[in-house]
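Student: First the structure, then my questions, so here it is.
Each reported figure results from applying straightforward, stated rules to the coordinates on display, with no laboratory input. The shown structure was predicted, so the numbers you read here are calculated from the model rather than taken from an experiment. No Cβ is skipped: glycine too gets one built from the backbone with ideal geometry, and neighbour counts run over all protein chains shown.
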Amino acid sequence: MHLTSLALSHFRSHKAVRLTLDGRPVAIHGPNGSGKTNLLEAVSLLSPGRGLRRAAADDLARRPETLGWRVVADLAGAGAAHEIELRAEPGASRAVRIDGKAAAQVALGRLVPMLWLVPAMDRLWIEGAEGRRRFLDRMTLSFVPDHGAATLAYERAMRERNRLLRDEVRDPAWYRALERQMAEAGAAIDAGRAEAVARVAAAQDAGGAAFPAADLEIVAGGGSRGSGPADLAVALAEGRGRDLAAGRTLTGPHRDDLAAAYRAKGMAAAQCSTGEQKALLISLILANARALGGAPILLLDEVSAHLDPDRRTALYDAICGLGVQAFLTGTEAALFAGLEGRAEMLAVSEGPDGSSIGAG
Amino acid sequence: MSADRLEELIALMARLPGLGPRSARRAVLHLIKKRGQLMAPLAQALAEVAASARDCVVCGNVGTQDRCEICADPRRATGEICVVEDVADLWAMERAGVFKGRYHVLGGTLSALDAVGPEDLRIPQLIARLGEEEVTEVILALGATLDGQTTGHYIADEIAAAGVAVSSLAQGVPVGGELDYLDDGTITAALKARKRL
């Protein structure tokens, strides 16, 4: 699947933009603050969740008008075509329409898998587990479209359980009733994540050595536990006392972490150099795209600038070889040397009336 | 009659489910035009029901006696109790006309976030009934929502000791429904609950 058109209206710095795309990678260049990442963010919202900046619907509206915003995209590929419309009125949440019909956000996950790498993820291996968990979940969602629904079901039941814990309710039957549902959804989350890690690992092995291979492992949060719903239910029941003291749930997939090691050096990702850490992430995203057979859309924000020319060429060759539609940003056109003819070039600049886009 | 009283009546009607200010105005105008055939009998029926309506002391259904018609009917003592969230659900079951047993209306579902606990629902009364009546099966007819399912699991857990069979309504393909129009969750549930032919 790839985007054939993208129209933005009053979205961040873009007042009115209409792009027609042919499925090749898209290289976007322009000065800082011209609105390159905003384009990527609009694309990222075509996937379940709050996009690559995790922004609230109101923050996406162009200022100072704050009239609300609208993103319309056409997707094509694999014998199917879909139109997605996203919009939010001021103060309201985001509404999704697929092919003219109102749809739930999780339904977007079934249309096109999407993966991204943004500068905020440069410290992914060093900072807290939340970012890595989000990275793992995005990977999982690309393979298992129902992962979003399982996560929602799990979180809903957990919110109820956390409320019981905070209110110091001690009714074991009430806990058991919620824990059964958490266990069922949690086991689906565990299975999805395990499948994603296995498939990415397999695709890395086949992928060659332009980017370093990583060994991935899911580390269970709050102590190890078995993999089925029954095991998770037992772990939750056993943790109740500790959870009551903490006022929240300390065991379960919401506490899991993703560990990665630079395979050739046998070194944990957090101990690698900044450049190596970035290369590991790119390697994982490429492996993920490979495992999906070229179906996903990749959003690579400011990735090229941090790579030496050899690695940059390797990245472009890998993207073109996979045949995926990758959206790349960079401050200068020169960063995309080697992509000419193989990608669509767009130049973004900041004008008096917001961002404007021309052929680069 | 002052116009104020009329406005008051319209405002009251507008508070009914399904009616807004405009439709309430239309309904009141219609009633006034048909005050002989419709308004007077309606007012009388409302006054009578208002005076006699009460919750059934056994099951929580609404009726005009201490025991509702279903609980008072000895033919419905089949040993089966169908647990529903609300009287509206009881009426839905009765419309289908297939269930011959008795009901138990909970008056809501468990929800920690909305501060609805077991003591706010008629769960203790249900457990008491298991000892008082000859109950062989409890059928949980609750919504397929997080709160509905939590309540179902909770009740099943609470009455496990009573040695009564507990079942729940099946989830899946609606009668006359086409698979093409079903959401993925329903299809998953239907497949899980498939039966041998």
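Student: Among rounded, prolate and oblate, which fits chain B when a ≥ b ≥ c are the square roots of the eigenvalues of its C-alpha gyration tensor, a/c under 1.5 means rounded, and a/b larger than b/c means prolate?
Tutor: Prolate.
Student: Classify the stretch B:73-168 from the C-alpha gyration tensor, please: rounded if a/c falls under 1.5, else prolate or oblate depending on whether a/b exceeds b/c. The partial results should precede the final answer.
Tutor: Working: a/c = 1.87, a/b = 1.28, b/c = 1.46.
Note, shape of the stretch B:73-168 comes out oblate.
Student: Report, as an integer, the average count of C-beta atoms from other chains found within 10 Å of each Cβ along A:159-166.
Tutor: 3
Student: Still on this structure: What does the structure give for A:171-184 when I average, per residue, the other chain Cβ atoms found within 10 Å of the residue Cβ?
Tutor: Working: counts 6, 1, 11, 10, 2, 5, 11, 7, 2, 7, 4, 0, 0, 1.
Mean shielding by partner chains, rounded to a whole number: 5.
Student: If you don't mind, another one. Once Rh is set to the Kirkwood radius over Cα pairs, what Stokes-Einstein translational diffusion coefficient, in µm²/s, holds for the stretch A:35-152 at a temperature of 4 °C and a viscosity of 1.567 mPa s?
Tutor: Values: Rh = 15.3 Å.
It diffuses with D of about 85 µm²/s by this estimate.
Student: Moving on to the next point. Run down the aspartates and glutamates and flag those whose C-alpha is under 17 Å from the C-alpha of A:Lys278, throwing out any fewer than 8 positions away in its chain.
Tutor: Cross-link targets: A:Asp122, A:Glu127, A:Asp215, A:Asp301, A:Glu302, A:Asp308, A:Asp310.
Student: Considering only DSSP beta bridges where both residues belong to the protein assembly as shown, give the percentage that are antiparallel (nearest 5).
Tutor: 60 percent
Student: With a Förster radius of 41 Å, plug the Cβ-Cβ distance of B:Leu169 and A:Ser5 into 1/(1 + (r/R0)^6) and report the FRET value to the nearest 0.05.
Tutor: 0.35
Student: Using the C-alpha atoms of the stretch A:112-210, what convex hull volume per residue, in cubic angstrom, is computed?
Tutor: Cα-based convex hull of the stretch A:112-210, divided per residue, equals 129 Å³.
Student: Add -39500 (n - 2.57) for each DSSP H run of 4 or more in chain B, then divide by its residues: what number comes out at 222 nm, to the nearest 500 deg cm²/dmol?
Tutor: That calculation yields -12500 deg cm²/dmol at 222 nm.
Student: When chain B is treated as a GNM, springs tying every alpha-carbon pair under 10 Å, which of B:Ser168, B:Ser23, B:Ser52 comes out with the largest mean-square fluctuation?
Tutor: B:Ser23
Student: Sorted from largest down, give the three principal axis spans of the alpha carbons of the protein assembly as shown, whole angstrom values.
Tutor: Principal extents (largest minus smallest coordinate, Cα): 87, 60, 50 Å.
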